Each structure stands twice: as structure tokens, then as C-alpha cells.
Amino acid sequence: MSDKTAPTDVQSADDVIISVRDLHKSFGKNEVLKGIDLDVKRGEVITIIGPSGGGKSTLLRCLNRLEEPTSGTVSFEGIDLTDPSVDIDAVRCRIGMVFQNFNLFPHMSVLENVTFAPMHNLGVSKEDAEATARKLLDIVGLAEKADAMPRSLSGGQKQRVAIARALAMKPDVLLFDEATSALDPEMVKDVLDIMRRLAAEGDTMIVVTHEMGFAREVSDRVIFTEGGLIEAQGSPEELFSENPPSERLKEFLGKVL
Ligand code: ADP
Ligand code: MG
């Protein structure tokens, strides 16, 4: 502790929850990610924007190894996920993910969807898991749907269950892959409101979205990906300014705003 800079250095290293270095991913001959470098700090809200097919989902899925990187490294809380000996299931318990198409377990009730992973993967008792699940369902406005089956819910309700299910694991980071893209317009706001609230509460979030208003409002940092690379990144003020830092971003925003 004689070195005065040491505590700061330690703290800043500690602050980084996900660290991606020179990440490449190919599907056959299609090189989708061409060298991504990214550090995500604890508590940071990052939105990823960019054209379809640009590799946003692939990037997100490499973060919990739903896709195997072709090369490069992804570290989560200091653990190198590309190391084949890593217990990836244990890591996935720390990373919540919300998908465009909800991916609820269709044969389980809403309550069972939310209690399943805490009971089976974390060994939480049924009683405790249900108590937590009911609290979370209340937070997402679905307390009265605990016994409903997913097929009886609207898209917006399904997505709110999916968010409650992710939160039930008390993850260290939440990944959202176009969580509102499959929803009817009138349902989008309910889901974005919950995401806004999580962001305001300090959750670490990486959000792939086409909702530019949301990105502008909640992001600590906006990342624009195109052609498998991070083409531009910065604060919402910088990226959504009159003069964006990249021509390609300017072109993209011209089409979507
Ligand atoms: P985005 O989310 O930005 O729309 P994706 O990451 O879904 O982009 O896709 C990027 C490219 O990778 C697309 O060309 C897509 O067809 C391809 N791709 C994604 N997943 C797979 C897969 N599992 N197998 C083969 N190609 C894939
Ligand atoms: Mg996608």
C-alpha cells in the first residue's frame, strides 16, 4: 500500500465486469465479428445499436458463450470464458439474458418459470424462490398472473415474465437482445419502463436495441456496430449529436430516427 496509485488501480480493475479482447466470430466463411474490444464496468448501462446483420446478437451471445468465439477472449469477473475448462453453467447463472422471443418454458406456469432456475441451479428452497418470484412479478406488474400459463399472456406480459425470470437469479449483468422488437407498439412502453427502472437502480446492462429514444435516455455509453466492428462509441450526447463521430453512424441514424 506504499504506492499511492495502487488502490485506485485495483479499484478500476475490479470495476470491470466484462472484458472482451480482439473477439472474432465466423460462421463458416462468414466473418461476423472482426475484432471487438470492449470493457464493461459494473453499474454501466451500454446500448448497442447498428444495422441488422451487423453482429449485435452474435456479440451478445459470445458474452455468455451461447456462441463460441472463433478467437479472442471474453472475461467475466476475471474468468476467461474461452478457457474450455471453465464451468460455463456457473458463469451463466451470473449473467441474465432476455431474448427477443421471450423463450419462456411453455409447459410451466409463470411462477414456475421464475422459480425454476433459482431452485435447480442455485439450490434455493421452493418457499424462498416463490417468495422472491412473487415480489419480482409484482415489480413487473404481473402479480395476478403467477398461476397463468405463458400461452395465455400477451407478448408484453411474456417479456415482463422473462425479465422477472432473469432477475430471480440476481445476476451481475443483464443482457437484452432486442427485448421489445417482437412486441406490439402499445406493449413496448411497459417493457422499456421496467428496463429504465433497472438502469436507474444501478444494474449493469448491455442492451441491443432499435429504440433510439431509450438508448439516448438511459445509456452511459452507446456503441454503434457495423460490419463486425465497433464503428463508434461514446456518450448518448456524442453519438446522437448533430454531427456524429462517424459517417456510417450518421447514415444509420438518418434511416432510423
Ligand atoms: P444482428 O443481431 O446485428 O442483426 P446477428 O449477430 O444476428 O446480427 O447476425 C450477424 C450475421 O451472422 C448474419 O449474417 C447472420 O446470418 C449470421 N449468423 C448469426 N447466427 C448464425 C448462426 N447460428 N449460424 C450461421 N450464421 C449466423
Ligand atoms: Mg440480432
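The values are calculated or read from the model by the stated rules, or taken from the named source; none is laboratory data. As the structure is a computational prediction, the values presented were derived from the model and not from experiment. Cβ sites come from the backbone with ideal geometry, for glycine too, and all protein chains shown count toward neighbours.
Filter segment 52-72 down to the residues that are hydrophobic (A, V, I, L, M, F, W, C) and either in contact with a Lys or Arg (Cβ under 9 Å, 6 or more places away or on another chain) or over 16 Å from residue 207 (Cα atoms) (or both) and list them by number. Of everything in segment 52-72, those that are hydrophobic (A, V, I, L, M, F, W, C) and either in contact with a Lys or Arg (Cβ under 9 Å, 6 or more places away or on another chain) or over 16 Å from residue 207 (Cα atoms) (or both) turn out to be 59, 62, 66.
Table: residues versus (1) modelled with pLDDT of 95 or more; (2) in a helix (DSSP H, G or I); (3) surrounded by 22 or more Cβ atoms within 10 Å (Cβ to Cβ); (4) of a type outside the set (S, T, N, Q).
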{"position": "166", "(1), (2), (3), (4)": "yes, yes, yes, yes"}
{"position": "176", "(1), (2), (3), (4)": "yes, no, yes, yes"}
{"position": "182", "(1), (2), (3), (4)": "yes, no, no, yes"}
{"position": "190", "(1), (2), (3), (4)": "yes, yes, no, yes"}
{"position": "194", "(1), (2), (3), (4)": "yes, yes, no, yes"}
{"position": "202", "(1), (2), (3), (4)": "yes, no, no, yes"}
{"position": "225", "(1), (2), (3), (4)": "yes, no, yes, no"}
{"position": "230", "(1), (2), (3), (4)": "yes, no, no, yes"}
{"position": "233", "(1), (2), (3), (4)": "yes, no, no, no"}
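Pairing residues of segment 231-243 that are charged (D, E, K, R) with residues that are assigned to a strand (DSSP E or B), at Cβ distances under 6 Å and at least 6 apart in sequence or on separate chains, gives 231/224. Within segment 38-89, being touching a residue at least 40 places away in the same chain (Cβ under 8 Å) and on the phi > 0 side of the Ramachandran plot holds for 43, 50, 55, 72, 77. Exactly one of (1) out of contact with any Lys or Arg (no Cβ under 7 Å at 6 or more places or on another chain); (2) farther than 20 Å from residue 55 by Cα; (3) outside any loop (DSSP other than H, G, I, E, B) is unmet by residue 206. Its number? Result: residue 206 fails condition (2) only. The set of residues from segment 17-37 being touching a residue at least 60 places away in the same chain (Cβ under 8 Å) and hydrophobic (A, V, I, L, M, F, W, C) comprises 17, 18, 32, 33, 36.
Identify the residue in segment 65-80 that is away from ligand 1 (no atom under 14 Å from the Cβ) and under 17 Å from the mean Cα position of the chain (by Cα) and, among all such residues, is surrounded by the fewest Cβ atoms within 10 Å (Cβ to Cβ).
Here is the first cut: in segment 65-80, the ones away from ligand 1 (no atom under 14 Å from the Cβ) are 71-80.
Still in the running and under 17 Å from the mean Cα position of the chain (by Cα): 74-77.
Values: 74: 22, 75: 17, 76: 23, 77: 15.
Ranking the candidates gives 77 first.
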